[in-house]
1. In the structure shown, do any of 33/108; 42/141; 100/141 have a Cα-Cα gap over 27 Å, and if so which?
2. Quick check on packing: order 16-23, 79-86 by the mean number of other C-beta atoms within 10 Å, highest mean leading.
Amino acid sequence: MKVENSVVIVANLGEFKAYDVKKSEGIVGNALKESYSLKLIKEMDYLSAHQKAGEAFSDQAGSFQGANGEEHNRQTEYKKRSLKEIAQDIEDVILESKAKQLFLAFPKESSAQLAALLSPTVTAVLTKTVTSDLVKTDKNKILSYFE
């Protein structure tokens, strides 16, 4: 698996982690061995996933007039807002890092919705998507999910 100039992003609706893939070479016995490691370049905790409805849907600062909305509508709105924010953050990382490849892990239940929100800039470098929540996975094991 060639991963030079690559970024690995693992995210869910509450957290986001972007890693730069670093290649290192060493001699083992008589053979040249390549290995890869991940360096954290951006980490975010999405507050909207943890906000109360009154904080997210207030009409004015501190005033929540629409308290009669159904809970599932609020949850749908949270999800839509979070997915848009995540898609924008993915694009920002790709533009900042000038990555040629993107390896993305996102939970299965929202993966298709996120994919629909990704910009052409991101989809052009999207190499592989894994539909799993790898946010809490040890960073030394994340690359194995993309092999």
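1. 33/108
2. Going from most to least packed, we get 16-23, 79-86.
Coordinate-derived values only; no laboratory data. Keep in mind that this is a model prediction, so the values were computed, not measured. Positions of Cβ are generated from backbone atoms using ideal geometry, with glycine treated the same way; all protein chains shown enter the neighbour counts.
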